[in-house]
Amino acid sequence: MDRLDAMRTFVAVADLGSFAGAARRLRLSPAAVTRAVALLEDRLGQMLLNRTTRSVRLTERGAMYLATCKRILMDIDEADRRVQGEDAAPRGLLTIAAPIMFGRLHVLPVVGHMLRDHRNLAVRLTLSDRMVHLVEEEIDAAVRIGDLADSAMMALTVGAVRRVLVASPDYLAVRGAPVTPAALAGHDLIAFETIDATNDWRFARSSVRIEPRLAVNTADAAIAAAEAGLGITRTLSYQVHAALEAGRLRVLLDDFAPPPIPVTIVYPRRRQASANVAVFVQSARQHLRALPVIAGTASPEDDTRGAPAHSRAVQIEGE
């Protein structure tokens, strides 16, 4: 392993706080990762990481070296992209991040098309409902669901989804349907903790403080509970599209629905010249705008390939 590869390995260990995690990310053996970090420490004559049985932490010198390594590696990647040019064919590794359910349903098909069309391209798709930091975690592009705050990221809005309240026909047959948001106080409610950071459910012109009978931490669990007749849940429209089409759930209080939530592709400014990012943005834009579950709020004039993500945010709700 050469010095640059060793530096990349050290960065992965430091970012993940784990030798095993770095090995999985880089598709190396744990022994190779350990050797790479040891090589750097021997060369520098400094300990970069403090290892215990439970954690891996940077030393003071390691933190200084990490910042330098990241800057050097980003400069090298940028030099490669400039030489290849914007029109170069996609090649090498493209790292994409997306919310778990949205990524599985709607980003994975995009990745499949890209892999079939570009034989020299490899993709690492990271699905997580937490907010990933694109630069620190070496993510090339991400799909965000939510309003974006001020950001140095480039952004392209490809549509929007809605917050919806749903319940099963069996539940409604027994308990009836609420006719106003205030009437939810008399119902069994299911809270999805990722979309419901608080117990306030917001509507078009009001908000309601709820007391859930059931709280879960995944959309799948909230939807399954609602389908089982355990109560009313609030989720995002794309998450319950199949259940609504099949009649397993029904939408409630649609007249009180809050404004749609934008779906945006974001990527670091330095990735503008990347052929890999360009093909993902193009493929994802075409795919997502054609989906019936993604409201077509973005017109061709909204194409922001050269524009920063002004007043858009990385505080995402309900991914």
I'm trying to understand the selection: among the residues of segment 33-51, which are over 12 Å from Ser18 (Cβ atoms) and outside any helix (DSSP H, G or I)?
Gly45, Gln46, Met47, Leu48, Asn50
Mind listing whichever residues of segment 202-225 are touching a Pro at 6+ places or on another chain (Cβ under 7 Å) and surrounded by 14 or more Cβ atoms within 10 Å (Cβ to Cβ)?
Arg202, Phe203, Val208
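Quick check, is Ala149 at pLDDT below 95, of a type in the set (Gly, Ala, Ser) and in contact with a strand residue (DSSP E or B) (Cβ under 9 Å, 6 or more places away or on another chain)?
yes
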Taking segment 155-212, which residues are in contact with a helix residue (DSSP H, G or I) (Cβ under 7 Å, 6 or more places away or on another chain), over 22 Å from Glu245 (Cα atoms), outside any loop (DSSP other than H, G, I, E, B) and not hydrophobic (A, V, I, L, M, F, W, C)?
Thr157, Pro181
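The values are calculated or read from the model by the stated rules, or taken from the named source; none is laboratory data. Just so it is clear, the structure is predicted and the values come from calculations on it, not from any experiment. Positions of Cβ are backbone-derived with ideal geometry, glycine not excepted, and every protein chain shown enters the neighbour counts.
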